[in-house]
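First comes the structure, then the notes that go with it.
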Amino acid sequence: MTALELTAKLNRMVAPIHGFIYFAPEATEEYEALHLPASHHYFASRAAALGSVPAEVVVATFFNFPPFMVEVAIPDAWSIASPAAIQTARMRAAGRALRTLAGPALDADDIAEASALTRRIIDGIEDAGRPLAAGNRAVPEPEDAWERLWQRITILREWRGDVHIAALVAAAVDPVEALLLHAATGQLLQSTRSKRSCSTQPPVRFRSQRSRPPDRGARRPTRRGSSVCKLADCSMMVAPSPMTAERFARRSSTSPTRRRSRWSRRSAPSTRSGSSSCCARFARHSPMGAHLRRCG
């Protein structure tokens with residue numbers, strides 16, 4: 001097994017164990033006990049490891065969220081509950097959920113072994129240039145074995161995310177381009193595409209992305225039917241319904257049950273007319289698009 005294959009396997013093992021917390025009803029219960037509005041749950045819980053930072057820091061470290069979405073939650077969340085209280089609630093929710101889901105299958109020795117292995121991995125990696133990983137490493141480890149295991153896995157997941165952002169910045173791929181690439185893999189849900197495809201002025205921001213100066217990328221037109229144009233079968237290439245701050249605030253008041261049902265229904269990327277031409281623009285104007293053309 002190559003290093004790349006081993007890394008991919010580790011990601012498949014780690015990502016679900018960390019990521020479920022953003023959809024777990026236990027987390028919603030814990031945050032509601034702190035009187036956090038639904039619009040604050042994601043950003044406040046994930047950013048809590050950084051401390052009482054302003055919205056600009058969260059926008060920068062999370063990389064690909066429109067600022068208005070972050071500004072709805074941050075810094076208001078810190079006036080409702082302290083970052084330490086939110087972090088504790090998050091770990092407590094993770095422990096409750098893991099105990100319910102996996103408790104019957106794993107005994108104390110299994111948990112101790114998994115936790116020790118995770119500790120060895122995070123002890124062998126550096127945090128320089130990786131703010132979310134460093135912030136989570138600085139969080140005092142909980143006494144509960146399930147919570148401790150989850151928090152160690154969270155360090156790994158955030159370390160990986162920080163490295164992704166470093167790679168995107170090094171390749172001069174901006175947040176919207178990163179979402180274009182993510183959408184092209186078919187892994188980005190329709191609901192996520194519509195929410196993240198905009199900035200303070202969503203339509204203007206997205207149009208500016210599609211009209212980048214040609215000196216950023218390829219020097220010849222993209223062939224219709226090429227590998228890049230085939231990636232255009234996802235509606236991220238044309239912002240379907242840009243979300244404004246007002247719409248986001250209204251959506252945040254939706255009940256968690258309704259939000260989950262709407263999320264589950266939007267599982268397949270939709271195709272829209274004009275996607276190939278949008279992809280051609282992306283290929284012409286983006287260095288990453290040029291790389292994809294050369295490889296495909």
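Report, to one decimal in Å, the Kirkwood hydrodynamic radius for region 76-173 based on all distinct Cα pairs. Don't skip to the end; give the middle numbers.
Working: mean 1/r = 0.0677 Å⁻¹.
With all distinct Cα pairs of region 76-173 included, I get 14.8 Å.
Order the peptides 11-19, 134-142 from the highest to the lowest mean number of other Cβ atoms within 10 Å of their residues.
On the way: 11-19: 14.4, 134-142: 17.4.
Ranking the peptides 11-19, 134-142 by packing returns 134-142, 11-19.
Could you give P(r) for region 3-170, binned at 10 Å from zero, as whole percent values over all Cα-Cα pairs?
With 10 Å bins starting at 0, P(r) equals 10, 39, 37, 14, 1.
With Cβ to Cβ distances under 15 Å as the rule, what net charge do the other residues near ALA102 carry (K, R +1; D, E -1)?
That works out to -4.
If packing is taken as the average count of other Cβ atoms within 10 Å, what order do 97-108, 51-62 fall into, highest mean first?
51-62, 97-108
Could you please rank TYR22, TYR31, placing first whichever residue has the fewest other Cβ atoms within 10 Å of its Cβ?
Fewest-to-most ranking of TYR22, TYR31: TYR22, TYR31.
Through the Karplus equation 6.51 cos²θ - 1.76 cosθ + 1.60, θ set to phi - 60°, convert the phi angles of region 81-96 into ³J(HN,Hα) values in whole Hz; use x for Gly and Pro.
After applying 6.51 cos²θ - 1.76 cosθ + 1.60, I find 8, 6, x, 5, 5, 5, 4, 5, 5, 5, 5, 4, 5, 4, x, 4 Hz.
A short reminder: the numbers here are calculations on the coordinates, not readings from a lab. Since we're looking at a predicted model, the values are computed, not measured. Neighbour counts are summed over all protein chains in view; Cβ atoms, including those assigned to glycine, are modelled from backbone coordinates with ideal geometry.
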